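For reference, the structure is listed below as C-alpha cells.
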Amino acid sequence: MRCVADERAETAETAAETADETSAGTTPRTLPATSWAVLGLLSFGEELSGYDLKKWSDWSLRFFYWSPSFSQIYSELKRLEKAGYASSRMVAQDTGARDKRVYRITGAGMAAVRTWAREAPVDPPVLKHGPMLRLWLGHLLEPEQMREVLIRHQEFAEDMRRRAEADVEGAKDEAAWAYPTLTLKWAERYYTSERDLAAAMLEDIEALEAARAAEGSPERSAEGSPERSAEGSTGAGRP
C-alpha cells in the first residue's frame, strides 16, 4: 500500500510539471531563499527525488529555518533546472510504482550556491514568537490561560529538543554531514533554552499573581478597561 506522503509527492510533482513557469532568465540575484535551500540540499552530492529532499529538509532545515512543502520543493526544482543549476532523469523503481524523477546539482549550480554561501548578505533572524505575543496580551487573559500557553510551548520545545538530539545521534558518523550536524546541535541547545525560558516565565507569572494578591490589586478586568488605560499618559508597549 502506498503511503500518503508518496501520493502527496506525486501530486506536487505533477502540478510542478504542468505549471506555467515564468522563471526563464533566472539569475543568482533573483533566486528566492527557498531555491538556495533546495540547491543546498543537492550540494551534498546525492541524486535525490523531491520526496527525498522533503525528508532531508524535515530532518535538518526545519530546526533552524523552515521545511518547504512538497509543492514548493518541486516548484523550486523546476526553477533550478531552468536556471541550469540542477539536472534530472527518470529512474525505474523496484516496487512496481511509476518511474520517479531524481535530481542532481550541476557544476554551474555548485558554483552558484558556493558563491551565494560565501558572498550573499546574511539576513538577521526575525523572531515571531506566538506564545510571547499571547502573554503580551496577558491583561486580556486569565492566569490559568497564560499558564496553559506556556506549558504547551514547554512541551513543544522539549519534543523538538529530543528530535534534534536523536537526529544528531543518527548523523554523527556521516562525514559529509559534519556541518549540518553542528546545526542540529545548535537546535538542541536552542530548544533547551526555549523550554527553560517557558519554565522561568511560569515562575514569573506565579510571582506576579502572588504580588498582586498581597497588594490587594484591582480586578484584572478593571486593569484592562479603556477607562483605566486612558488615565495614564504612557503605557507598556505604546508608541
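The values are calculated or read from the model by the stated rules, or taken from the named source; none is laboratory data. Quick caveat, the model's predicted, so the values are computed rather than measured. Positions of Cβ are backbone-derived with ideal geometry, glycine not excepted, and every protein chain shown enters the neighbour counts. Just the protein is used for accessible areas: all its heavy atoms, side chains included, with ligands, DNA and RNA removed. Shrake-Rupley method; radii C 1.70, N 1.55, O 1.52, S 1.80 Å.
Here are some notes:
- Residue check for Lys54: closer than 26 Å to Trp186 by Cα, in a helix (DSSP H, G or I) and among the charged types (D, E, K, R): yes
- If the condition is being out of contact with any helix residue (DSSP H, G or I) (no Cβ under 6 Å at 6 or more places or on another chain) and hydrophobic (A, V, I, L, M, F, W, C), then the stretch 105-134 contributes Ala108, Met110, Ala111, Ala112, Ala117, Ala120, Val122, Val126, Leu127, Met132, Leu133.
- Test: Arg134 is touching a Ser or Thr at 6+ places or on another chain (Cβ under 8 Å) and more than 26 Å from Ala178 (Cβ to Cβ): no
- Looking across the stretch 150-170, just one residue is open to solvent by less than 50 Å² (accessible area, probe 1.4 Å) and without any contact (Cβ under 8 Å) to a residue 24 or more places away in the chain, and that is Val168.
- Residue check, Leu39 open to solvent by 10 Å² or more (accessible area, probe 1.4 Å), in contact (Cβ under 8 Å) with a residue 12 or more places away in the chain, touching a Leu at 6+ places or on another chain (Cβ under 9 Å) and within 17 Å of Val113 (Cα to Cα): no
- Tally, over the stretch 57-80, of residues that are part of a loop (DSSP other than H, G, I, E, B) and in contact with a strand residue (DSSP E or B) (Cβ under 9 Å, 6 or more places away or on another chain): 0
- Some residue of the stretch 163-182 being within 21 Å of Glu206 (Cα to Cα) and under 15 Å from the mean Cα position of the chain (by Cα): no
- Failed item in (1) exposed (fewer than 11 other Cβ atoms within 10 Å of the Cβ); (2) within 19 Å of the chain's Cα centre (by Cα); (3) under 30 Å from Asp204 (Cα atoms); (4) of a type outside the set (S, T, N, Q), with Asp123 passing the rest: (3)
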